[in-house]
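Colleague: The structure under discussion is supplied below as structure tokens; questions concerning it will follow.
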């Protein structure tokens, strides 16, 4: 389940919390952008970068203990040399890109994401002919609105799947549809600091919860809707 659907269903977890750690109070437009097509029982889901880690996590769970060729990059400011079997490392201004191209199991990927939820995983792999995921192997840029009348792009991740439950978790307004274009606005109204003896402000900020709402702008088969969902994560 992706973090938007978790908020809607009020099933907040650490992966949802990680999505909002970087946000201060304010309004953040054109986030979590989706462009989804359904045809002959197959879903093609294009998205912005916010969904990358969760898409990898979901597909890795489907893969389970089976192995497949995984390629791409893991991007982090942390030293992950002892944790990741990489073929090359590139570094720029303290940000490290661990380039990967190796056989890995889904269980291995799940373990990595749970251990390093703040790390960005830009990985691509295929489970079978009906289920594949491509994510750009680079650090995402800050979300930017479209220029002029141009809509924000959903071009960072591409998931193809025949899993109807997975497809419906991205477009939950309508059971049967052909095309959907969706974007979100994050409204962070309050930062709730934890009650802790921790003195490191950076760690306190990471532990703090964000309270606010997401505004969901959807265009599904030409029918537009706007809905709001409150959350604390």
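Throughout, read-outs are computed from the coordinates displayed, never taken from laboratory work. Quantities reported herein were computed from a predicted structural model and do not represent experimental measurements. Here the Cβ is made from the backbone with ideal geometry for all residues, glycine too, and neighbour counts use every protein chain on show.
Colleague: Anyone know which of 14, 54, 101 comes out most mobile in the 10 Å Cα GNM of the chain?
Modeller: Result for the chain, Cα springs under 10 Å: 14 fluctuates most.
Colleague: Extension gain residue 174-residue 230, at 0.36 nm per residue separation less the Cα-Cα distance, in nm?
Modeller: Details: separation 56, 0.36 × 56 = 20.16 nm, distance 2.09 nm.
Using 0.36 nm per residue and subtracting the Cα-Cα distance, I get 18.1 nm.
Colleague: For the chain, modelled as a GNM with alpha-carbon contacts under 10 angstrom, which of 109, 99, 223 fluctuates the most?
Modeller: Among 109, 99, 223, the largest mean-square fluctuation in the Gaussian network model of the chain belongs to 223.
Colleague: Suppose we look only past 33 Å in the calculated P(r) of the chain. What percent of the Cα-Cα pairs does that tail hold?
Modeller: Working: 4700 of 27028 pairs.
Roughly 17 percent, once rounded to a whole number.
Colleague: Among 193, 80, 166, determine the one that fluctuates most according to a GNM of the chain built with springs between C-alpha atoms less than 10 Å apart.
Modeller: Greatest mean-square fluctuation among the candidates belongs to 193.
Colleague: Go ahead and collect, in residue order, the members of the stretch 98-120 whose backbone nitrogen is under 14 Å from a label point 7 Å along the Cα-Cβ direction of residue 67.
Modeller: Residues 101-109 qualify, since their backbone N sits under 14 Å from the label point.
Colleague: Calculate the spin-label point distance for residue 14 paired with residue 153, positioning each point 7 Å from the Cα along the beta-carbon direction, and give it in nanometres.
Modeller: According to this spin-label approximation, the distance is 3.4 nm.
Colleague: A follow-up question, please. Please say if the stretch 66-109 is rounded, prolate or oblate, where rounded means a/c under 1.5 for a ≥ b ≥ c the square roots of the C-alpha gyration tensor eigenvalues, and otherwise the choice is prolate for a/b larger than b/c and oblate otherwise?
Modeller: Prolate shape, in that a/c is at least 1.5 and a/b is the bigger ratio.
Colleague: Within the stretch 79-100, name every residue whose backbone N is under 17 Å away from a label modeled 7 Å from Cα of residue 139 along the Cβ vector.
Modeller: The answer is 79-81, 89-100.
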